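The values are calculated or read from the model by the stated rules, or taken from the named source; none is laboratory data. In this text, all values refer to a predicted model and were calculated from it rather than measured experimentally. All Cβ positions, even for glycine, are placed from backbone atoms using ideal geometry, and neighbour counts span all protein chains on display. Keep in mind that these areas ignore ligands, DNA and RNA; they rest on the heavy atoms of the full protein, side chains included. Shrake-Rupley method; radii C 1.70, N 1.55, O 1.52, S 1.80 Å.
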Amino acid sequence: MSYEMILTETPTPGVGLVRLNRPQALNALNSQITKEIFDALEIFDRDGSIGCMVLTGSDKAFAAGADIKQMADQSATDMMADDFTDWARMTRVGKPIIAAVSGWALGGGCEMAMMCDMIVASETAKFGQPELTIGIIPGAGGTQRLTRAVGKAVAMEVMLGNRQLTAAEAETAGLVNHVYPVESYLDEAIKLAGKIAEMPQVAVRLIKDAVNKAEDLGLSAGLEYEKRNFYISFSTEDKSEGMHAFVDKRKPEWKHR
Ligand code: CO8
C-alpha cells in the first residue's frame, strides 16, 4: 500500500507505526490523510505479526485539527455525505493503539488522540478543542471523550474558553498516561507498544474491548460483558500455556490463539 500523507513502519517487532506526514499543514486532517490513517491502522490490525500500533505526528504537531481549508465551503449535507466524517472506523480497530503526541493536538487532532487507547506525550504537547473559535463544535468525540477523561469543569473550559491543556496538566487530569522529553516520547511509546505486543493477543483484544465498553455500559451490564470476555479467554490455547508455564516456572510461549 502506498501513501502520500502518512508513513508506516515496523520500528520494533510486533509494533506498527503510523506517522502523519503533512508538515506544511501541521498535519491538518483532510479526507485523504484520515483515509490513509484508517487504512493503515486496519492493515496493521489484520497483520498477524503486529500486536500493537503507535500513531504519531511530528515533534511540532500531532495534528492541528480537521482541515479548515477543506471544510470552509462545505455544508452540513456535504459533511454528512463525505467519508471524512466516518471516524468510527478507528474505533473498530481491535488491537490497542497508542498515540504518541508532541506539539499541537487541537480539535480533530485531540479527538484522534483520544480515540487511541493510551496517550504518551512529549513535554511540548498541547491539547485543545478550539472549534468554537471557528463557529462550530467538536464532531469526532471531543464533547464526550474529553469530558469522560478530564471531567465536566475542565472539559467545559477547554471547549468554551479555548483553554489548552499542557502535557503536565493533561497527565494530572488523566488524559495522558506519561509525559517524556521531546527527544524520547516516541521511543517510550514504541517501547510500551512492544511490551503489549509480547502479550497473548487474543486476551489483549478482549481487554481492550471490555475496557471500552466501560464507557458505554452501566456497571452491571459492564460486569456481564467482562464475564463473557473472561470465559472466551478460557477457550484460548494461550490460557492453557500461560497457566501451565506459571505452574512449571517457565516463560510462556504464546501462540496468539
Ligand atoms: N486546517 C488547515 N490548515 C491548517 C490547520 C487546520 N486545522 N492548522 C494549521 N494549518 C496550516 C496553516 O493554515 C498554515 O498554512 P499556510 O502556511 O498555507 O498558511 C500552516 O498550517 C502553519 O500554520 P500556522 O502558520 O497557523 O502556524 P502557527 O505556528 O502560527 O500556529 C496553530 C499554529 C496555533 C496550531 C494554528 O495553525 C491554528 O490555530 N490552527 C488551527 C487550529 C484549529 O482551529 N483546529 C480545529 C479545527 S476544527 C476541527 O478540528 C473539527 C474536528 C471535527 C472532526 C469531525 C470529523 C467527523
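Scoring Ser233 on the criteria (1) in the same structural domain as Glu123 (by TED's automatic domain parsing); (2) farther than 30 Å from Ala125 by Cα leaves a single failure, condition (1).
What residue, of Glu183, Glu215, is surrounded by fewer than 19 Cβ atoms within 10 Å (Cβ to Cβ), assigned to a loop (DSSP other than H, G, I, E, B) and not assigned by TED's automatic domain parsing to the domain that holds Asp59?
None of the others qualify; the one that does is Glu215.
Tell me yes or no: at least one residue of the stretch 152-167 is in a helix (DSSP H, G or I), closer than 24 Å to Val204 by Cβ and without any contact (Cβ under 8 Å) to a residue 60 or more places away in the chain.
No: the stretch 152-167 contains no residue that is in a helix (DSSP H, G or I), closer than 24 Å to Val204 by Cβ and without any contact (Cβ under 8 Å) to a residue 60 or more places away in the chain.
Would you say Asp78 is surrounded by fewer than 15 Cβ atoms within 10 Å (Cβ to Cβ), more than 10 Å from the ligand (Cβ to nearest atom) and acidic (Asp, Glu)? Yes: the conditions hold for Asp78. At pLDDT 95 or above and either among the charged types (D, E, K, R) or assigned by TED's automatic domain parsing to the domain that holds Ala99 (or both), is that true of Glu253? So Glu253 passes the test.
Contact map, the stretch 118-139: residues that are away from the ligand (no atom under 12 Å from the Cβ) and small (Gly, Ala, Ser) paired with residues that are open to solvent by 10 Å² or more (accessible area, probe 1.4 Å) and part of a strand (DSSP E or B), Cβ distance under 6 Å, separation 6+ or inter-chain. Pairs shown: Ala121/Val179.
Among the residues of the stretch 196-210, the ones that are open to solvent by 60 Å² or more (accessible area, probe 1.4 Å) and without any contact (Cβ under 8 Å) to a residue 24 or more places away in the chain come to 1 in all. The sole residue among Gly142, Gly109 that is small (Gly, Ala, Ser), crowded, with 20+ Cβ neighbours inside 10 Å, near the ligand (Cβ under 10 Å from one of its atoms) and in contact (Cβ under 8 Å) with a residue 40 or more places away in the chain is Gly109.
Considered as a group, the residues in the stretch 42-70 that are in a helix (DSSP H, G or I) and surrounded by fewer than 21 Cβ atoms within 10 Å (Cβ to Cβ) include one that is farthest from the ligand (Cβ to nearest atom), and that residue is Arg46. Checking the conditions here, which among Lys239, Lys152 is among the charged types (D, E, K, R), under 16 Å from Met114 (Cβ atoms) and modelled with pLDDT of 95 or more? Exactly one of Lys239, Lys152 is among the charged types (D, E, K, R), under 16 Å from Met114 (Cβ atoms) and modelled with pLDDT of 95 or more, namely Lys152. Quick check, is Ile136 closer than 22 Å to Gln164 by Cβ, among the aliphatic types (A, V, I, L, M) and open to solvent by 40 Å² or more (accessible area, probe 1.4 Å)? Yes; evaluated as a whole, the condition is true for this residue.
For the stretch 12-41: of the residues being open to solvent by 50 Å² or more (accessible area, probe 1.4 Å) and not hydrophobic (A, V, I, L, M, F, W, C), which is farthest from the ligand (Cβ to nearest atom)? Out of the qualifying residues, it is Pro13.
Cβ separations smaller than 9 Å between residues 6+ apart or across chains give the following pairs from the stretch 73-86 residues that are over 12 Å from Ser31 (Cα atoms) to residues that are at pLDDT below 85 and among the charged types (D, E, K, R): Gln74/Asp82. When Asp67, Asp59, Asp45 are checked against the criterion of being charged (D, E, K, R) and within 15 Å of the chain's Cα centre (by Cα), a single residue qualifies: Asp45. Scanning the stretch 123-147 for residues that are within 14 Å of Thr172 (Cα to Cα) and within 17 Å of the chain's Cα centre (by Cα) turns up Ala125, Lys126, Phe127, Leu146.
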